[in-house]
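Trainee: Sharing a structure here in C-alpha cells format.
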Amino acid sequence: MHPGHVLGLRIDRYYEADPGLRYEVSQAAGYAVFPEIKKVGVGVGGAYGKGELYENGVKTGYCDVSAGSIGSSSALRPTAS
C-alpha cells in the first residue's frame, strides 16, 4: 500500500477524536503527519519517526523527527502520533 494511504487513515483518526482539528489543519499553510514515532532508552534515550509533509493540503515531500535524552529512563515502545 502507498504510504499516503496509511497516513491518510491516521489523520482521519485524529479528526474523529478532535473534530476541531480538521478546521485547524484546513487553515494551516503546512503540516506534517507522523504515523508512528519510535522511542527507545535505557539511561540514554532517543526517538525517531518518518512522516509526510503537506503544504496547502497537497503532499509536497517527506520529513523526519528525532530526539535524544539523558536521564533515568528505561523503555522500548512505539508511540502513535
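Trainee: Subtract the Cα-Cα distance of TYR15 and ILE70 from 0.36 nm times their separation in residues, and report this length gain in nm to one decimal.
Mentor: 16.4 nm
Trainee: Would you mind classifying segment 10-71 by shape? Square roots of the alpha carbon gyration tensor eigenvalues, ordered a ≥ b ≥ c; an a/c under 1.5 is rounded, otherwise it is prolate if a/b is larger than b/c and oblate if not.
Mentor: prolate
Trainee: Could I ask something else about it? Using a 7 Å offset from the Cα along the Cα-to-Cβ direction at both ALA32 and LYS50, what is the distance between the two label points in nm, to one decimal?
Mentor: 1.4
No value in this document is a laboratory result; all are computed from the given coordinates. Quick caveat: nothing in here was measured; it's all calculated off a predicted structure. Note that we place each Cβ from the backbone using ideal geometry, even for glycine, and neighbour counts take in every protein chain shown.
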